[in-house]
Amino acid sequence: MEAIAKARFQRISVRKARIILDMVRGKNVALALDELRFTNKAAAPIVEKLLSSAVANFENKYQQADLDKLVISRAFADKAPDQHMRRWRPRAQGSASRIQKGMSHLTVVISDGAGEEV
């Protein structure tokens, strides 16, 4: 049994998000939430909220499941299109250059290990 939570168009670069997702992948959900709460990185609150959403999705989908056995089975970040967040920086001789801010699609999949085939 598994549940998925996605956070799309998040204003964090993919590189920064992957550091946090690599840190919590494969861990127990309760331990990962505690670790994220005390991590001083920009992506930690975003991933913490996403993980809480995945737990709520799991709880809603399977009412009689044991929430203490939940494990983060997959967690990944993909590049989102930068078209929503554009900035301009003035340059020499009256010209301007575009600064694109990075955006990400984050996905977290949690499971309890029951019904998985390896």
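Rounded to the nearest 500, what is the 222 nm mean residue ellipticity of the chain from helices alone, with -39500 (n - 2.57) per DSSP H run of 4+ residues and division by all residues?
-10000 deg cm²/dmol
Just to confirm the number: angle between the C-alpha axis of helix 44-61 and the first principal axis of the chain, 0 to 90 degrees, nearest 10?
Approximately 40 degrees, to the nearest 10.
Give the order of 66, 34 when sorted by the count of other beta carbons within 10 angstrom, beginning with the fewest.
Going from least to most buried by this count: 66, 34.
Given a cut-off of 20 Å, name the pairs among 16/61; 27/69; 6/49; 49/101 whose C-alpha atoms lie farther apart than that in the structure shown.
16/61; 49/101
Using only alpha carbon positions, build the gyration tensor of the range 38-81, then give the equivalent ellipsoid semi-axes as the square roots of 5 times its eigenvalues, largest first, whole angstrom.
So the three semi-axes of the range 38-81 are 23, 13, 10 Å.
Taking the Cα atoms only, what angle lies between the long axis of helix 14-24 and the longest principal axis of the chain, rounded to 10 degrees?
20 degrees
What ranking of 95, 104, 73 emerges when the number of other C-beta atoms within 10 Å of each C-beta is taken as an exposure proxy, fewest first?
Ordered from fewest to most neighbouring Cβ atoms within 10 Å, 95, 104, 73 come out as 95, 73, 104.
Among 38, 19, 3, whose Cα projects farthest towards the positive end of the dipole of the range 2-111, with charges put on the beta-carbon of Lys, Arg (+1) and Asp, Glu (-1)?
19
What share of all Cα pairs of the range 24-117, in percent, falls into each consecutive 10 Å distance bin?
It works out to 14, 36, 23, 14, 8, 4, 1, in whole percents.
Long-range amide H contacts for residue 80: which residues qualify at under 5 Å (H placed 1.01 Å from N, peptide plane, sequence gap of 5 or more or a different chain)?
103, 104, 105
Read-outs: derived from the displayed coordinates by stated rules, not from any lab. Not measured: the values here are computed from a predicted model. Because the Cβ atoms are built from the backbone with ideal geometry, glycine has one as well, and the counts that use them run over all protein chains shown.
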